[in-house]
Amino acid sequence: MDQIERKQNSRKGIVLFVAGLAFFVVGEALVKLLHEAYGTTQIVWARYFFHFVFTCLFLSSGNILAQARSTRPLLHVGRSFLMLIATACFFFALKFLPLADAIAIVFVAPLLVTAFSIPLLGETVEFRRWLAIVVGFGGVMFIIRPGTDTVIWQVFLPLGSAFCYALYQVLTRIASKTDHANTSLFWTSAIGVGVTSLAVPFFWTMPDLLGWLYMVALGGSYGIGHYLLIRGLEIAPASVVSPFLYSQVIFAAILGHVIFNQFPNNWTLVGIAVVVSCGLYIWRREADLVQVSKR
């Protein structure tokens, strides 16, 4: 397969990548707003359904069914269900937790990916990266603060989301060895729409006009966000844009304060700083190891 040559522009790629993350946070704010009148199942359905519609109308190219063909369908089914569970856990958590808190806890996922890569991908993780994983979990404990009177069981929902999302990423990496990214994207969207469409009639609340607008905007926000992230990664190296992933926490803190009058407390800010620092350290170490291997 011939590779597509694209002109590289790191600055533009960073702007597109960060803009995509901002759209994700807008979508997560819409989830919190929708929770005031609708259940989690219906909100997850809206996220998948309207994202799928958006993708088919504006982003897909060529024969969609042809792109869905895979020699490893069970692998795609497994990773798609993991993504669905991760989304459901995270959306349910947003019903109870501030935006920044929930997103910061989910950011333990990159640390888990590093840990899961050993048994599932056969990769080697050096001691310093293991130490970063342990310290990163310590940062999550700053946010959750188990054993205090303020802890609620819902804070463990983002942890469950991070666990499933990390496994999803590892299985996606395995799938990428034999299938195109469009194939993985199709299976994730199609199974999400199919499963939630079967479940949503039992939890359906007829939306009013504002509810429909929020739901369409929810799917659109994730659709635009994914498109901008893909475009950013097309014109800028992943090693350049990856550190900006954590700008999502900043957007969440700002939007959570403006819309919901919620702002992370001091303990949560410390936890966010620890998780972000450990994630950036692991990214830096992996980038260094890649450079060494190329010499």
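The values are calculated or read from the model by the stated rules, or taken from the named source; none is laboratory data. Being a predicted model, the structure only gives us computed values, none of them experimental. Cβ atoms come from the backbone with ideal geometry, glycine included; neighbour counts cover every protein chain shown.
Considering only residues that are at pLDDT below 85 and surrounded by fewer than 17 Cβ atoms within 10 Å (Cβ to Cβ), which ones fall in the range 251-265? Give the derivation first.
Here is the first cut: in the range 251-265, the ones at pLDDT below 85 are 263-265.
Passing the criteria: F263, N265.
Residue-wise test of (1) polar (S, T, N, Q); (2) in contact with a Lys or Arg (Cβ under 6 Å, 6 or more places away or on another chain); (3) closer than 22 Å to Y281 by Cβ; (4) at pLDDT below 80.
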| site | (1), (2), (3), (4) |
| --- | --- |
| L121 | no, no, yes, yes |
| F127 | no, no, yes, yes |
| A132 | no, no, yes, yes |
| I143 | no, no, yes, yes |
| P146 | no, no, no, yes |
| D149 | no, no, no, yes |
| P158 | no, no, yes, no |
| C164 | no, no, no, no |
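Among the residues of the range 201-218, are any farther than 17 Å from L82 by Cα, touching a Gly at 6+ places or on another chain (Cβ under 9 Å) and of a type in the set (G, A, S)? Checked against the condition, which is being farther than 17 Å from L82 by Cα, touching a Gly at 6+ places or on another chain (Cβ under 9 Å) and of a type in the set (G, A, S), the range 201-218 yields at least one hit. In the range 196-216, the residues that are touching a residue at least 24 places away in the same chain (Cβ under 8 Å) reach residues that are among the charged types (D, E, K, R) with C-beta atoms within less than 9 angstrom, at least six apart or across chains, in these pairs: T196/R47; M215/R47.
How many residues does the range 172-192 hold that are surrounded by fewer than 20 Cβ atoms within 10 Å (Cβ to Cβ) and at pLDDT 85 or above? Counting residues in the range 172-192 that are surrounded by fewer than 20 Cβ atoms within 10 Å (Cβ to Cβ) and at pLDDT 85 or above gives 2. Within the range 283-292, the set of residues being modelled with pLDDT of 65 or more and over 18 Å from the mean Cα position of the chain (by Cα) comprises R284, R285, E286.
Just one of (1) surrounded by fewer than 18 Cβ atoms within 10 Å (Cβ to Cβ); (2) under 21 Å from the mean Cα position of the chain (by Cα) fails for A104. It is (1). Within the range 181-193, residues that are free of Cβ contacts under 8 Å to residues at least 60 places away in the same chain and within 12 Å of F50 (Cα to Cα) have Cβ atoms under 6 Å from residues that are among the polar types (S, T, N, Q) and surrounded by fewer than 22 Cβ atoms within 10 Å (Cβ to Cβ) in no pair, counting only partners at least 6 apart in sequence or on another chain.
Quick check on the range 209-232. Is at least one of its residues over 20 Å from the mean Cα position of the chain (by Cα) and not in a helix (DSSP H, G or I)? No, the range 209-232 has no match at all.
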